[in-house]
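Working notes, beginning with the structure itself.
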Amino acid sequence: MDRYEIIIYYSHVDEAYIAEIPELPGCSAHGATYEAALANVRNAMALWLDTAKEFGDPIPAPKNRRLAFA
């Protein structure tokens, strides 16, 4: 599977971990744990990519960058 940046954070409002893939518009998921959010967003990414291929939509190339925390 392609290597896209995944951002995971805890939302106190939703009381869940939120996982987003910024390079794939609208591709996000959530879970009760960090691990669940990661598994769910990987599934969402596979579905996002399959749907884009099915409809001939452009698929952004992964930027393969790592986040730096300051």
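Here, each number is a calculation from the coordinates, and none is a lab measurement. Just so it is clear, the model here is predicted, and its values are computed rather than measured. We place every Cβ from the backbone using ideal geometry, glycine too, and count neighbours over all the protein chains shown.
Here are a few things to note about the model shown:
- Selection status of Leu38, in contact with a strand residue (DSSP E or B) (Cβ under 7 Å, 6 or more places away or on another chain) and surrounded by fewer than 19 Cβ atoms within 10 Å (Cβ to Cβ): yes
- Taken over region 8-21, residues that are of a type outside the set (Phe, Trp, Tyr) and either surrounded by 12 or more Cβ atoms within 10 Å (Cβ to Cβ) or in contact (Cβ under 8 Å) with a residue 24 or more places away in the chain (or both) amount to 6.
- Tally, over region 22-56, of residues that are among the aliphatic types (A, V, I, L, M), without any contact (Cβ under 8 Å) to a residue 24 or more places away in the chain and in a loop (DSSP other than H, G, I, E, B): 1
- Here Ile59 fulfils each of the conditions (1) of a type in the set (Val, Ile, Thr); (2) closer than 26 Å to Ala16 by Cα; (3) surrounded by 12 or more Cβ atoms within 10 Å (Cβ to Cβ) apart from (2).
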